[in-house]
Amino acid sequence: MVNQKISHRPTICYRPIQPSDLEVLERLHADIFPIRYEEEFFQSVVHARDIVSWAAVDRSRPNGHSDELIGFVTARIVLAKETEIGDLLIYDPLKPDQTLVYIMTLGVVETYRNLRIARSLIRQVIKYASSIPTCHAVYLHVISYNIPAIHLYKKMSFKCIRRLQGFYLINGQHYDSFLFVYYVNGGCSPCSPLELLVAAVSYMTSSLKTVAARLRKNEEESPKLPKCKETNFLISMQAKRNLTTECTGYECV
């Protein structure tokens, strides 16, 4: 559904952020976030210095604004072993080049919200991370009171794996942060004790079923004992009456 605050039907496209976006990018960050970012950050974004970024623009926007940012996402690649979530990932310590993608900022102009633009920007990052063989996850921080963002990440299958007390300091007041992770390329978190117990019980149950199935199969395939063969020896009628009729697996004599 089109946002009623927009007087036209938007045509949303995505492209990398470029130097000409600098002024708008700085303004949007100031409008959206309570945190102030240094000029060095913005220069790194627009010139792609260790930061990857995507811009959302409305090609149908009138008055010469068809290429102006209405949404953005910035991210960077980091080494897994050097991050705060290194202990929350299963990765090979013998491979020091394993990485993660950290989403630094994400925002959408208010009049363009509820059009799934933020979701599309996040997908751009996930697609990018998935294209890097050494990358195992995308992660980010969300301030604890940003309920819409928290719901969005949960809907997109991000997992909330940690709450960081007093992570943000805004205007002299501390706020908690939630740490969200989206695993890619087979990345996963270490199992909790409960998950380990469930996995162990499941493995034992499966093993027992396999052993029981093999035993049944062996019983069905084992050769049957041969029947008693008739003998040509002559014995007396009295001896016949004393003989048992059970087969011992040998010829009866």
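The values are calculated or read from the model by the stated rules, or taken from the named source; none is laboratory data. Just so you know, these numbers come straight off a predicted model, no measurement behind them. Reconstructed Cβ throughout: ideal geometry from the backbone, glycine too, with neighbour counts over all protein chains shown. Ligands, DNA and RNA are excluded from the accessible area calculation, which covers all protein heavy atoms including side chains. Shrake-Rupley method; radii C 1.70, N 1.55, O 1.52, S 1.80 Å.
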Only one of LEU115, LEU179, LEU100, LEU140 is aliphatic (A, V, I, L, M) and in a loop (DSSP other than H, G, I, E, B), namely LEU115
In segment 159-187, anything closer than 26 Å to ARG36 by Cβ, among the hydrophobic types (A, V, I, L, M, F, W, C) and either open to solvent by 50 Å² or more (accessible area, probe 1.4 Å) or within 23 Å of the chain's Cα centre (by Cα) (or both) is listed as LEU164, PHE167, LEU169, PHE178, LEU179, PHE180
With the structure loaded, tell me whether ARG116 is open to solvent by 40 Å² or more (accessible area, probe 1.4 Å), modelled with pLDDT of 90 or more and over 22 Å from ILE85 (Cβ atoms) or whether it fails that test. yes
Which condition from (1) closer than 21 Å to ILE85 by Cα; (2) at pLDDT 80 or above; (3) out of contact with any Lys or Arg (no Cβ under 6 Å at 6 or more places or on another chain) is the one that LEU179 breaks? (3)
